[in-house]
Amino acid sequence: MHESADEHALERILGKNEEMAEHNRDHFRSLKACTFNLMSAPGAGKTSLLETTFQKAGSTFSSCVIEGDMVGDLDACRIRKTGVAVHQISTGRSCHLDAQMIARLLHAEPLEKTNAIFIENVGNLVCPAEFPLGEHRRIVLLCVTEGDDKPIKYPVIFRNCHLVLFTKCDLLEHVEFDINKATKNIQAINPDVKTMQISAKTGYGIDRWIAWLVSEMTDYREHLKTAKHVHHTAH
Amino acid sequence: MHESAIAKSILEIVEQRLRSIGAAADAQSVEVLFGEFRNVDPESVAFAFDNMKALFQGCANCRLSISTIIAAALCKDNEHQYRPMANNAYRCPACASGIGKLLQGEELDVVNVTVELERMEKEKEQHARVG
């Protein structure tokens with residue numbers, strides 16, 4: 001006897017990651033911290049941006065950082081020098097952070113009580129786009145040395161983000177990067193996305209970036225209050 | 001190389017389905033849908049799947065069948081339906097506006113697992129004889 005049976009039931013292949021991301025989101029909610037996932041190609045300036053942000057923001061808000069790297073803790077060491085707490089995740093062979101890695105960290109190392117948690121993802125414009133972590137906002141950094149065609153080559157990451165930062169804008173006069181063209185390429189994929197030009201080295205655009213962060217944190221706190229009110233009303 | 005993570009997730013889903021049926025079942029095939037607007041290379045997933053499947057209970061002979069779902073969108077300005085593609089920078093060929101709503105192309109789903117019942121039946125017979 002040789003029979004077969006079909007098991008029909010649609011199941012999302014990365015459903016477990018999505019469930020774990022929801023779990024992380026609850027965890028971040030309990031900390032009352034707005035969480036930002038920073039993604040870019042290697043060398044686009046994620047760590048430099050965080051260093052400058054913490055220096056410029058001063059006591060405007062408190063932060064901690066989750067650092068994702070395949071090996072080593074070079075970025076974590078740089079962040080520690082700013083006085084901000086860092087939690088390292090070494091991904092080993094994996095080219096991206098996933099929600100399970102974040103969940104393991106959240107259960108192993110209690111995070112500091114802060115207004116903001118920055119997750120510095122592994123430098124890669126492909127894989128991190130497929131793995132939500134439970135963050136509230138996804139930010140992509142596009143360095144002006146990379147070329148204004150990158151949104152066309154890597155559409156998924158640019159479609160699924162809330163903000164694109166053009167980084168190292170102090171180099172604009174030395175490279176063939178057309179900001180308008182890059183912006184149009186991004187908006188063709190993600191019409192509602194915001195874009196900003198910054199330079200962590202000169203400080204250009206950093207005040208605007210910090211104002212955006214503060215606004216997001218304020219909105220998040222308001223959202224938590226409303227959610228709490230609804231919760232209490234429901235009971 | 002997140003394709004190996006995708007292959008592993010598919011095999012975990014198959015293994016879970018087998019467990020829900022009976023420990024002795026074998027998977028013949030698994031059908032998956034990959035949307036065009038996902039960062040997933042079918043050949044890399046198939047390669048990782050074939051290299052990994054023997055490590056999963058009942059999956060050693062499981063065949064992976066991949067269907068690609070072509071992306072379809074409504075453009076932002078005029079809601080024309082079109083296929084967003086890199087060679088036109090994902091813009092609508094009729095009016096050049098960008099993607100308003102993506103109708104399909106973001107799938108990453110297991111749609112069907114075919115399970116072989118032969119081993120299950122033989123084990124049932126053996127149990128009956130022993131009993």
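Couple of notes before you dig in:
- Residue match in the range A:128-138 (condition: at pLDDT below 95, in contact with a Cys (Cβ under 6 Å, 6 or more places away or on another chain) and not in a strand (DSSP E or B)): no
- Of residues in the range B:30-60 being in contact (Cβ under 8 Å) with a residue 40 or more places away in the chain and farther than 19 Å from B:E3 by Cβ, the one nearest to the other protein chains (Cβ to nearest Cβ): B:G58
- Residue match in the range A:110-124 (condition: in a loop (DSSP other than H, G, I, E, B), among the polar types (S, T, N, Q) and within 12 Å of chain B (Cβ to nearest Cβ)): yes
- Only one of the numbered conditions (1) closer than 19 Å to B:Y90 by Cα; (2) out of contact with any Gly (no Cβ under 6 Å at 6 or more places or on another chain) is not met by A:A211, and that is (1).
- Checked against (1) surrounded by fewer than 22 Cβ atoms within 10 Å (Cβ to Cβ); (2) within 14 Å of chain B (Cβ to nearest Cβ), A:I206 passes all but a single condition, namely (2).
- Residue within the range A:174-181 that is free of Cβ contacts under 8 Å to residues at least 12 places away in the same chain, more than 23 Å from A:N37 (Cα to Cα) and polar (S, T, N, Q) present: yes
- Neighbours by Cβ (under 6 Å, 6+ apart or cross-chain): first from the range A:184-196, in a strand (DSSP E or B); second among the aliphatic types (A, V, I, L, M): A:K194/A:L163; A:T195/A:V164; A:M196/A:L165
- Within the range A:147-183, the set of residues being hydroxyl-bearing (S, T, Y) and either more than 9 Å from chain B (Cβ to nearest Cβ) or part of a helix (DSSP H, G or I) (or both) comprises A:T167, A:T183.
- Total residues in the range B:12-26 satisfying the condition of being touching a helix residue (DSSP H, G or I) at 6+ places or on another chain (Cβ under 6 Å) and more than 9 Å from chain A (Cβ to nearest Cβ): the figure is 3.
- For B:S9, the conditions (1) over 13 Å from the mean Cα position of the chain (by Cα); (2) among the polar types (S, T, N, Q); (3) within 9 Å of chain A (Cβ to nearest Cβ) are fulfilled apart from (1).
- Within the range A:1-99, strands (runs of 3 or more DSSP E) holding 2 or more residues that are away from chain B (no Cβ under 14 Å) and either touching a Phe, Trp or Tyr at 6+ places or on another chain (Cβ under 9 Å) or charged (D, E, K, R) (or both): A:34-40, A:63-69
The values are calculated or read from the model by the stated rules, or taken from the named source; none is laboratory data. No experiment lies behind these values; they were computed from the predicted model shown. Cβ atoms come from the backbone with ideal geometry, glycine included; neighbour counts cover every protein chain shown.
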